Amino acid sequence: MPESLIAALDELEATYEAAKNDPSFVAELAELNKSYVGRPSIITEVPKFAALAGNIRVFLKREDLNHTGSHKINNVIGQALLTKRMGKTRIIAETGAGQHGVASATAAALFGLECVVYMGEVDTERQALNVARMKLLGAEVIPVTTGSRTLKDAINEALRDWVANVDNTHYLLGTVAGPHPFPTMVRDFHSVIGFESREQMLQDYGFLPDVVAACVGGGSNAIGLFHAFLDDEDVKLWGFEAAGEGMNTLKHAATLNKGKVGVLHGAKSYLLQDEDGQTVESHSISAGLDYPGVGPEHSWLKDLDRAQYFGISDDEAMQALKALSQTEGIIPAIETAHALAGVIKHGSELAKGSSILINLSGRGDKDMETVGKYFGFLGSGK
Amino acid sequence: MTVQEILSGLDSRDESALIGYFPAGYPTSADSIEACVAMCESGIDVLELGVPYSDPVMDGLVIQEATEMALANGFKLSGFFETLKAITSRVETPVLVMSYWNPILQYGVQRFAEDLKAAGGAGMITPDLIPDEAADWIRASDELDLERVFLATPSSSDKRLEQVAKVSKGFIYAVSTMGITGAREDLDAKARTVVSGVKATGTKVPVCVGIGISTSDQVLEVNSYADGAIVGSVFIKAYRDGGIDKLRNVVQELKAGN
């Protein structure tokens with residue numbers, strides 16, 4: 001990390017450490033989660049979808065029902081409160097799919113903060129609806145035209161902005177990557193997903209799932225679910241990365257399966273890179289998984305063999321998206337569909353009667369243009 | 001001569017120092033060699049040879065576009081040390097390599113340091129590596145007697161400035177402003193504060209100011225309170241717009257501030 005940002009990172013760490021031990025902060029966050037975000041999110045069992053995956057039971061943790069339509073709001077509310085505590089008046093954010101940008105713009109409106117969102121030019125096109133949402137909420141959206149014009153370049157631009165405006169600006173990073181304290185702090189704000197799930201499963205069904213599963217781009221929704229289950233040795237952790245056009249092509253975002261350890265954006269983790277350490281462009285049909293890095297805690301869980309990470313192709317994800325829509329009447333985000341496809345693909349490896357809890361991290365409304373084109377509902381497509 | 005000897009010598013004679021940045025491989029390796037040699041011949045005192053990188057978060061648009069072009073034109077680390085050697089064999093000016101950390105990490109810190117030394121390099125500037133995380137590089141540079149430049153910024157605490165001063169050799173890179181590389185009309189008053197903060201540690205290592213410097217007046221002003229001015233984007237712009245001749249002119253113009 002550049003020296004220019006060390007003071008800001010130290011300030012953030014100190015503010016967060018104090019806040020999480022401050023009962024008034026904890027109470028304010030809990031109240032906002034309840035009365036603004038709509039927590040706890042429910043769990044839905046989906047038997048018709050489960051039938052596609054063999055003789056297992058499948059449960060969905062419905063983060064898609066949160067305010068703004070994805071899990072991203074959990075972290076944003078927490079960091080927006082910290083922004084106020086630090087006396088800063090402006091937030092900047094990067095976004096891929098636009099869900100984190102929308103959540104950040106939402107929190108900025110709620111708390112009266114100025115908000116600038118950096119978004120790769122490629123992503124502003126494939127997620128145009130979310131660009132409109134952010135603008136409606138009062139945020140400025142800056143299309144990033146450098147590099148691969150996707151999420152990693154949006155993070156580069158946000159870091160450049162932060163270096164220049166660190167006095168009044170908080171960088172509201174949206175995933176569990178980046179420099180310390182972001183990976184830990186963002187995980188903590190999302191860990192509510194797993195803690196709620198664990199309690200709900202025990203209370204409503206009387207058992208813990210055999211597997212908890214989530215899609216992994218940067219890895220925030222997955223770590224938010226996994227964290228509460230780390231000590232439950234009998235609960236397997238499955239993460240599904242974007243294999244794009246295939247793991248053996250150059251067009252994928254399967255960082256944990258195909259990457260090598262390196263440093264990007266202040267985090268040491270698996271990374272898609274060439275032999276010179278140049279970051280390689282990732283590819284996924286889902287903007288939110290289109291990132292060549294991954295949160296360092298996922299690298300750690302992989303190396304420990306505590307979690308397993310599999311690749312899911314664009315086509316497999318799109319078929320699963322359609323399957324959940326048509327069997328259960330729930331339209332997931334394309335990102336989330338990677339986890340659904342993973343369960344269809346690997347569910348049969350489990351013993352009969354096993355149960356899987358999937359983090360349904362986001363809803364698919366934002367993806368209707370991509371989906372419509374893909375399935376030929378809107379003009380030409382497959 | 002080492003960078004530190006050059007800068008200290010200029011300082012003792014009350015002369016200004018100009019440190020110039022240019023990216024290797026821009027627009028091609030052969031072109032960058034000629035451009036760097038021309039800069040040295042035209043009067044820069046220390047050359048800062050950049051390693052193009054895919055994610056240069058401390059750089060503004062001019063350097064980003066130049067390094068992106070170098071990568072698109074096939075820049076590879078395997079050819080980098082030949083470029084470095086081609087320059088050091090033609091000029092007396094000491095050459096520091098400027099690189100983000102991941103390329104060095106992948107190449108191997110020790111191996112990178114050895115190849116840098118063998119190619120006649122004086123040391124390295126590491127913009128996204130802080131002393132706290134530099135143990136491998138400090139060990140390798142000590143062993144090979146290479147200079148290492150760390151950054152001091154307007155937001156660095158006194159304690160951090162002391163740490164930077166303690167481990168830096170060659171010079172200390174005082175970041176003039178909270179921001180990224182690129183020409184600015186007004187140099188931040190913060191530059192003076194950073195320099196005096198570093199000087200207050202009692203260090204003997206020269207302190208040079210970079211980021212935003214684009215005119216001979218600014219070079220002169222910076223040299224009045226620091227030990228050198230670091231210039232990059234303006235040289236790239238000159239080369240981009242008017243080739244080697246324009247580059248020579250701009251170097252001479254900035255050096256003439258002396």
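Among the residues of this structure, A:GLN308 does not count as one that is more than 22 Å from A:PRO179 (Cβ to Cβ), without any contact (Cβ under 8 Å) to a residue 60 or more places away in the chain and not β-branched (Val, Ile, Thr).
Just one residue in the set B:LYS85, B:LYS169 is in contact with a Leu (Cβ under 9 Å, 6 or more places away or on another chain) and either closer than 16 Å to B:GLN4 by Cβ or without any contact (Cβ under 8 Å) to a residue 60 or more places away in the chain (or both); that residue is B:LYS169. Condition (residue is farther than 27 Å from A:VAL163 by Cβ and either of a type in the set (Asp, Glu) or not in a strand (DSSP E or B) (or both)) applied to the stretch B:54-67: is it met by at least one residue? Checked the stretch B:54-67: no residue is farther than 27 Å from A:VAL163 by Cβ and either of a type in the set (Asp, Glu) or not in a strand (DSSP E or B) (or both). Of all the criteria given as (1) at pLDDT below 95; (2) aliphatic (A, V, I, L, M); (3) closer than 21 Å to B:THR181 by Cβ, the one not satisfied by A:ILE142 is (1).
On inspection, A:ALA164 passes the criterion of being within 18 Å of A:HIS265 (Cα to Cα), surrounded by fewer than 20 Cβ atoms within 10 Å (Cβ to Cβ) and within 11 Å of chain B (Cβ to nearest Cβ). So which of B:ALA229, B:ALA256, B:ALA200 ends up being surrounded by 23 or more Cβ atoms within 10 Å (Cβ to Cβ), away from chain A (no Cβ under 14 Å) and more than 25 Å from A:TRP162 (Cβ to Cβ)? Testing whether each residue is surrounded by 23 or more Cβ atoms within 10 Å (Cβ to Cβ), away from chain A (no Cβ under 14 Å) and more than 25 Å from A:TRP162 (Cβ to Cβ) leaves just B:ALA229. Among the criteria (1) touching a His at 6+ places or on another chain (Cβ under 8 Å); (2) under 27 Å from A:ILE42 (Cβ atoms), the one A:ALA339 does not fulfil is (1). Of the helices (runs of 4 or more DSSP H) lying entirely inside the stretch A:62-126, those carrying at least 2 residues that are within 23 Å of A:ILE331 (Cβ to Cβ), in contact (Cβ under 8 Å) with a residue 12 or more places away in the chain and in contact with a His (Cβ under 8 Å, 6 or more places away or on another chain) are A:72-85. Scanning the stretch A:244-253 for residues that are crowded, with 22+ Cβ neighbours inside 10 Å and either under 23 Å from B:TRP101 (Cα atoms) or at pLDDT below 95 (or both) yields a count of 1. Every listed requirement among (1) free of Cβ contacts under 8 Å to residues at least 40 places away in the same chain; (2) within 14 Å of chain B (Cβ to nearest Cβ); (3) of a type in the set (Ser, Thr, Tyr) is met by A:SER4 save one, (1). Pull up the stretch B:40-63, narrow it to residues that are closer than 16 Å to B:TRP101 by Cβ and of a type in the set (A, V, I, L, M, F, W, C), then point me to the one that is farthest from the other protein chains (Cβ to nearest Cβ). Ranking the qualifying residues of the stretch B:40-63, first place goes to B:VAL51. Of the strands (runs of 3 or more DSSP E) that lie entirely inside the stretch B:81-188, those containing 3 or more residues that are within 12 Å of chain A (Cβ to nearest Cβ) span B:172-175.
Within the stretch B:157-186, being closer than 25 Å to B:ALA200 by Cβ, crowded, with 17+ Cβ neighbours inside 10 Å and at pLDDT below 95 holds for B:VAL175, B:SER176, B:THR177, B:MET178, B:GLY179. The criterion of being under 24 Å from A:VAL211 (Cβ atoms), in contact with a Pro (Cβ under 6 Å, 6 or more places away or on another chain), within 14 Å of chain B (Cβ to nearest Cβ) and buried (at least 23 other Cβ atoms within 10 Å of the Cβ) does not hold for A:SER282.
The values are calculated or read from the model by the stated rules, or taken from the named source; none is laboratory data. In this text the structure is predicted, and so the values were computed from the model without any measurement. Because the Cβ atoms are built from the backbone with ideal geometry, glycine has one as well, and the counts that use them run over all protein chains shown.
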